[in-house]
Amino acid sequence: MPGMHVSRVHSLYRRILQLHRVLPPDLKSLGDQCVKDKFRRHKTIGSDEAQRFLQEWEVNSQDRCL
């Protein structure tokens, strides 16, 4: 199960950074740094909170693709 979680996190992280590629350079830099900071800060959270964190980011990233 932990392997699936790590894979899901990496996939989401890559998807968000890919979405930032279309932004102007200054906004891309700001967005990339924000995402990196948020993911880094949530690296050691509990299982329930991790699920909520991932769900919120997944919904947000899917909304951006539409």
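Of the residues that sit in region 26-52 and are in contact with a helix residue (DSSP H, G or I) (Cβ under 9 Å, 6 or more places away or on another chain) and among the β-branched types (Val, Ile, Thr), which one is modelled with the lowest pLDDT? Ranking the qualifying residues of region 26-52, first place goes to Ile45. Quick one: would you say Leu23 is under 19 Å from Met4 (Cβ atoms), in contact with a helix residue (DSSP H, G or I) (Cβ under 9 Å, 6 or more places away or on another chain) and at pLDDT 85 or above? Judged against the criteria, Leu23 is not a match.
Considered as a group, the residues in region 41-59 that are of a type in the set (D, E, K, R) and under 10 Å from the mean Cα position of the chain (by Cα) include one that is nearest to Arg15 (Cα to Cα), and that residue is Glu58.
Of all the listed residues (Ser29, Ser7, Ser11, Ser61), the sole one being among the small types (Gly, Ala, Ser), touching a Leu at 6+ places or on another chain (Cβ under 8 Å) and assigned to a helix (DSSP H, G or I) is Ser61.
The values are calculated or read from the model by the stated rules, or taken from the named source; none is laboratory data. This structure is a prediction, so every number in the text was calculated from the model and none was measured. Cβ coordinates were reconstructed from backbone atoms using ideal geometry, including for glycine residues, and neighbour counts include every protein chain displayed.
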